[in-house]
Amino acid sequence: MAWGNAGSTTLTSTGDNIAVSSLTSNTFFQTMSSIIDSAWTFHDGRLNSDTGTNYGYRYRDDASYGTDGTAAGANKILFGTGGGETQIFSVSYIANISGEEKLVITPNSVNQAVEGAGGALSRRESVSKWTGTAVINSITAYNSNTPTGGYAVDSNLTILGDNITAAAVVATKVQDGAVYYETDTNKSYVLSSSVWTEL
């Protein structure tokens, strides 16, 4: 399996949604988001633009080993912790198996909390699911808090997919000596001087 860039969106004006759409079929997605808050925001997500109560989640903040926060019949998944005019960075993994509910793991999301060396970070770990069984074709970072316009300019959502072709790998920056296995053709390639040669 080789991860490849499936899509990326960077905000050019403030907003509450950062969507990456027209995603091709991948068994797994990895999302990386860098949120710059312009107001107090929540870092949530939606799949295939579904705004219904078709989600559930469980989370824990700052490694508190008390009772987990949970929600069933929610209208979002959790990508990360909230913040007030700070930065948030989050990485999530999504299982995108056709005909099955979609499971999401966000092992860590970090919130800058307070600027400067004197400010402690906050973090969240969470798991979520979407009850939809269709293959995911769009992923949206979503601010579920008010006021609106919480995500500032340059906030970004980038999606990696696991099913990429040799041609897609060539288009990415990969070091010489890398080996790529193409599952569709059952062939392996090695990269040398920007040229992929079949092994």
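The values are calculated or read from the model by the stated rules, or taken from the named source; none is laboratory data. From a predicted model like this one, the values you see are computed outputs, not experimental measurements. No Cβ is skipped: glycine too gets one built from the backbone with ideal geometry, and neighbour counts run over all protein chains shown.
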*Members of segment 111-163 that are of a type in the set (A, V, I, L, M, F, W, C) and in contact with a Lys or Arg (Cβ under 6 Å, 6 or more places away or on another chain)*: V127, W130
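Let me confirm something: among A141, A152, which residue is in the same structural domain as I97 (by TED's automatic domain parsing), touching a residue at least 40 places away in the same chain (Cβ under 8 Å) and out of contact with any Phe, Trp or Tyr (no Cβ under 9 Å at 6 or more places or on another chain)? First the steps, then the outcome.
On the way: A141 fails: out of contact with any Phe, Trp or Tyr (no Cβ under 9 Å at 6 or more places or on another chain).
Of A141, A152, the one residue that is in the same structural domain as I97 (by TED's automatic domain parsing), touching a residue at least 40 places away in the same chain (Cβ under 8 Å) and out of contact with any Phe, Trp or Tyr (no Cβ under 9 Å at 6 or more places or on another chain) is A152.
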_Would you confirm whether or not segment 94-101 contains a residue that is in the same structural domain as A134 (by TED's automatic domain parsing) and buried (at least 18 other Cβ atoms within 10 Å of the Cβ)?_
yes
*Would you be able to say whether some residue in segment 63-82 is under 13 Å from the mean Cα position of the chain (by Cα) and in a loop (DSSP other than H, G, I, E, B)?*
yes
*Answer residue from segment 146-165, given it is surrounded by fewer than 18 Cβ atoms within 10 Å (Cβ to Cβ) and farther than 14 Å from T9 by Cβ and is modelled with the highest pLDDT among those*: D162
*Counting only residues that are crowded, with 17+ Cβ neighbours inside 10 Å, within 14 Å of the chain's Cα centre (by Cα) and not aliphatic (A, V, I, L, M), how many does segment 18-47 have?*
8
_Given the condition under 14 Å from the mean Cα position of the chain (by Cα) and among the charged types (D, E, K, R), answer yes or no: does some residue in segment 96-108 qualify?_
yes
